[in-house]
Amino acid sequence: MADLIPLALFLTACLVLMAGYPVAFSLAGTALVFALMGELAGGFDASILGALPNRLFGIMTNTTLLAVPLFVFMGVMLERSRVAENLLDTMAALFGGLRGGLGYSVTLVGMLLAASTGIVGATVVTMGLLSLPTMLRHGYDPRLASGTICASGTLGQIIPPSIVLVLLGDVLSSSYQQAQLEMGIFSPETVSVGDLFSGALLPGLLLVALYLLYLAGVAAFRPQAMPAAAIAAANGNEENSLLQRVLRGLLPPLLLIVAVLGSIMGGFATPTEAASVGAVGAILLAISQRQCSITILREVVLSTTRVTSMVFLILVGASIFSLVFRGFGGDEIVADLLSALPGGKFGAMLAVMLLMFLLGFVLDFIEITFVVVPIVGPVLLAMGLDPVWLGIMIALNLQTSFLTPPFGFALFYLRGVAPPEMSTQQIYQGVIPFIGLQLLLLLLLAIWPQLATWLPGVVFGA
C-alpha cells in the first residue's frame, strides 16, 4: 500500500494542475499536504525537508540559470523591435511568387526567430497576426496555413538558444551526476547547456527540412491548397531594392544568431555569457530599428521579470515536490518499475517518451521538465543512456506538447488571433501532419543517436 503513495502524489499534482491552479503553488502545496499526512500516519520522515534550504540556495546560486532571464530579455526585446515583421516581409518578397512560397517563408522565419528569440508564444502570435490573413487571402487551405504557423512557431523549443534546453541542461546535469554516484563513480562527468545547444542544432535543422519537404509535397500534389501569391518578378532597380531589403531584414538577426551561438560553439563563452551578448545585441538591434524608447525598455524589463519569476517559482515548487516524492521512496519505485519493463533500456525509454507525450496533452513543458525529468532522468542515465541524446529526445517530445490538441499552447495562441471564420477544428486538423513529422524525427533520432551526439563530440570533444 505504501508503494502507491508516490503514485497518488503524482496523480494528485496532475489533477490540481489540470484544475487550473498556479503551477508552483500546486506542486509545493500538494507535496506539503502529503508530507503532513505521511508524518501524522508515521510513513514520512519530516527531517527530509531539512534539505530544502540547501536546495533553494543551490537554485539561487546556479549561474547556469542566469541564462534564463537574459535569453527571455533578448527574445522580448527582439519581439518589440519588429524583427519578425521585417523577416516576414523579406521572405515573402523572396519566396512569395512560388507555389507554396508563403508557407516556405513562414517556416524559414520561424526558424530564424527560434534562433534569435526562442519565445514560442510571441512567435506564433506575431506570425498569426502578420501571415495568416495574407495566406488566407491568397487562397491557402486554412488547415495548412494554421498548421504551418503553429509548427513553425514551436521551433524555438528545439533550435538553440532555447529556454527549454537551458532548463533541461540544468536538470539533466543534476540527474547525470546523481546517476553516476549511484553507479559508484565518485568523479562524475557533467553535461552542460552548451552540449545540449550543439546537440540540438542538427535535429532542429532536420525538423525544418522535414517541414519544408512536407510543404513542397503538398504544393506538388495538392496545388489548390497553397497557390502562388500574386507577386511580380523583380527586375532592374527592383532587384537592387529587393537585395537591400534582404540585407536589411536578414543580416542583423543573422549576425546576432552568429554572435550568440558562435560564441558558445567556438568555446569563447558559456551559455550564460552568450546570453548576455544576445541581450546587449538585441538592445543594439532595437536601437538600429528606432524601437528602443524608455517606454519599450520598461515593458521589456517587466515582461522579462514576469516570465523569469514564473520559471523560478515553478522550480522552487518542483524542488519541494521532488524532495517529498523521494521521501516516500518514489525514486526507488520508479527505478524498479522502469527496470522491470521488457526490452531493457529500449522499453524504459519508450515508456518514458510515451508518458511525456501523453502528459504534453494537459501539462506545460516547464511542469514536465521540473517534475517528470528529475524522477526518470537518473534512472535512465544509470542504464547507460547518453545524456545529450536523452536531453534532445526529451526536448523534441516536449515540443509536441505545444501542438497536441486539445491543450497545446500554440493552438491557443493562434486561436486568439485567428479570424472568426477559422474554426478551432481546422487549427487542430492542421497541426496533425506536423505532429507526425516530429514523431518521425524522434524515430530517426532513436535509430541514429549520432544526429544529436556527433556535433557536441566535434565541438567540445564530448
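Could you check the range 369-447 for helices (runs of 4 or more DSSP H) lying wholly inside it with 3 or more residues that are farther than 22 Å from Leu196 by Cα?
Qualifying helices (runs of 4 or more DSSP H): 409-417, 424-447.
Could we say that Phe44 is outside any helix (DSSP H, G or I), in contact (Cβ under 8 Å) with a residue 40 or more places away in the chain and more than 27 Å from the chain's Cα centre (by Cα) here?
The answer is yes for Phe44.
Among the residues in the range 377-392, are any more than 30 Å from Ala179 (Cβ to Cβ) and either in contact with a Ser or Thr (Cβ under 8 Å, 6 or more places away or on another chain) or without any contact (Cβ under 8 Å) to a residue 60 or more places away in the chain (or both)?
no
Please go through the range 437-461 and give me each residue that is open to solvent by less than 40 Å² (accessible area, probe 1.4 Å) and without any contact (Cβ under 8 Å) to a residue 60 or more places away in the chain, ordered by number.
Correct list: Gly457 only.
For every residue, the table says whether it meets (1) hydrophobic (A, V, I, L, M, F, W, C); (2) surrounded by fewer than 21 Cβ atoms within 10 Å (Cβ to Cβ).
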{"residue": "Leu167", "(1), (2)": "yes, no"}
{"residue": "Ser173", "(1), (2)": "no, no"}
{"residue": "Gln178", "(1), (2)": "no, yes"}
{"residue": "Leu181", "(1), (2)": "yes, yes"}
{"residue": "Gly184", "(1), (2)": "no, yes"}
{"residue": "Thr190", "(1), (2)": "no, yes"}
{"residue": "Asp195", "(1), (2)": "no, no"}
{"residue": "Ala200", "(1), (2)": "yes, no"}
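If I filter the range 48-89 down to residues being among the small types (Gly, Ala, Ser) and either assigned to a helix (DSSP H, G or I) or open to solvent by 50 Å² or more (accessible area, probe 1.4 Å) (or both), which single residue comes out as modelled with the lowest pLDDT?
That would be Ala84.
Right, Ser162: over 24 Å from Gly430 (Cα atoms), touching a residue at least 60 places away in the same chain (Cβ under 8 Å), open to solvent by less than 10 Å² (accessible area, probe 1.4 Å) and not aliphatic (A, V, I, L, M) or not?
yes
Given the criterion more than 17 Å from the chain's Cα centre (by Cα) and at pLDDT 85 or above, identify the matching residue among Ser146, Ser152.
Answer to the selection: Ser146.
Out of the range 406-424, which residues are open to solvent by 50 Å² or more (accessible area, probe 1.4 Å) and either at pLDDT 90 or above or more than 19 Å from the chain's Cα centre (by Cα) (or both)?
Hits for the range 406-424 are Arg415, Gly416, Pro420, Glu421, Thr424.
Checking Ser401 against (1) polar (S, T, N, Q); (2) farther than 23 Å from Val191 by Cα; (3) crowded, with 21+ Cβ neighbours inside 10 Å; (4) out of contact with any Asp or Glu (no Cβ under 8 Å at 6 or more places or on another chain), which test does it fail?
Among (1) polar (S, T, N, Q); (2) farther than 23 Å from Val191 by Cα; (3) crowded, with 21+ Cβ neighbours inside 10 Å; (4) out of contact with any Asp or Glu (no Cβ under 8 Å at 6 or more places or on another chain), Ser401 violates only (4).
For residues in the range 99-118 being open to solvent by 10 Å² or more (accessible area, probe 1.4 Å) and hydroxyl-bearing (Ser, Thr, Tyr), which is nearest to Val307 (Cα to Cα)?
Ranking the candidates gives Thr117 first.
Step by step: first the residues of the range 265-278, then only those that are assigned to a helix (DSSP H, G or I) and under 18 Å from Asn62 (Cβ atoms), then the one that is most open to solvent (accessible area, probe 1.4 Å). Which residue is that?
Only one residue fits best here, namely Glu273.
Only residues that are of a type in the set (Gly, Ala, Ser) and open to solvent by less than 40 Å² (accessible area, probe 1.4 Å): list them for the range 279-306, please.
Ala279, Gly281, Ala282, Ala286, Ser303
Mind telling me which of the residues Val208, Val218 ends up being part of a helix (DSSP H, G or I), over 30 Å from Phe268 (Cβ atoms), among the β-branched types (Val, Ile, Thr) and at pLDDT 80 or above?
Just one listed residue meets the conditions, Val218.
Return the pair list, or none, for Cβ contacts closer than 6 Å from residues in the range 425-436 that are surrounded by fewer than 19 Cβ atoms within 10 Å (Cβ to Cβ) to residues that are of a type in the set (Lys, Arg), at least 6 apart or on different chains.
From residues that are surrounded by fewer than 19 Cβ atoms within 10 Å (Cβ to Cβ), the pairs are Gln426/Arg143; Gln429/Arg143.
Given the residues Leu363, Leu358, Leu315, which is the only one that is farther than 30 Å from Met77 by Cβ and either open to solvent by less than 30 Å² (accessible area, probe 1.4 Å) or part of a helix (DSSP H, G or I) (or both)?
Leu358
The values are calculated or read from the model by the stated rules, or taken from the named source; none is laboratory data. These figures come from a predicted structure and were not determined experimentally. Note: ideal-geometry Cβ built from the backbone for every residue, glycine included; neighbour counts use all protein chains shown. Calculation scope for accessible area: heavy atoms of the full protein, side chains included, ligands and nucleic acids excluded. Shrake-Rupley method; radii C 1.70, N 1.55, O 1.52, S 1.80 Å.
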